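These notes are about the structure you will find just below.
The values are calculated or read from the model by the stated rules, or taken from the named source; none is laboratory data. Predicted model only: the values in this text are computed from it and were never measured. Quick reminder, even Gly has a Cβ in these numbers, built from the backbone with ideal geometry, and neighbours come from all protein chains shown. Heavy atoms of the whole protein, side chains included, go into the accessibility calculation; ligands, DNA and RNA do not. Shrake-Rupley method; radii C 1.70, N 1.55, O 1.52, S 1.80 Å.
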Amino acid sequence: MSSDKKVTCLVCPRGCIMTVSSDLKVSGNFCARGVPYALQEVKEPKRNLTYVVQVEGREAPLPVRTDSMIAKHLIPDVVKLLRTVTIKPPVAFNAIIIANVFDTGVNIISSAEIK
Ligand code: SF4
């Protein structure tokens, strides 16, 4: 039985379907950018997260996002945390809403400005 893993590259819209062998050789990538992505995906998959937080005194929530990719397995916990957050205006675009979330080195930042 093969222990090869299939990974769909999400680095660009081409979406190459790559194969990572048990000795960590990557094939099926159209360009070199797919290799680190495939290896990371096999080791510890990461994703960007976009979500919203509540804003004091407003009905419309504030869109937020991670400032870099975060381990995929942590995303449900980050979402759970963001559901408890209510921020107070004003908020600048790209302001840090949660710094170093769960000690990952990743910040949750605002994707909009609120005056
Ligand atoms: S391997 Fe290169 S061309 Fe293929 S999806 Fe990834 S970034 Fe795009």
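Brief remarks follow.
- Solvent-free Debye scattering, log10 I(q)/I(0), computed from the Cα coordinates of segment 1-54 at q = 0.23 Å⁻¹: -0.82
- Working from label points 7 Å from Cα in the Cα-to-Cβ sense, the ALA32 to GLU113 distance is 3.9 nm.
- Each residue of segment 1-99 gets 129 Å³ once the volume of the Cα convex hull is shared out per residue.
- Working note: Cα atoms of segment 50-110, range along each principal axis, descending, whole Å: 32, 20, 15.
- Only protein atoms count toward the accessible area here, which uses a 1.4 Å probe; on the chain, the carbon and sulfur part of that area reaches 56 percent.
- ASP103, ASP23, reordered so the largest accessible area comes first (probe 1.4 Å): ASP103, ASP23
- Lysines with Cα under 27 Å of LYS88, excluding same-chain neighbours fewer than 8 positions away: LYS80, LYS115
- Where only DSSP H runs of four or more residues are counted, the chain gives -4500 deg cm²/dmol as its mean residue ellipticity at 222 nm, each run worth -39500 (n - 2.57).
- In this structure SER21 has an accessible area near 30 Å², from a 1.4 Å probe over the protein heavy atoms.
- Residues of type lysines that LYS6 reaches as a straight line, Cα spacing below 24 Å, ignoring anything fewer than 8 places off in the same chain: LYS25, LYS43, LYS46, LYS72
- 0 to 90° range, to nearest 10: angle between helix 34-43 axis and the chain longest Cα axis: 80 degrees
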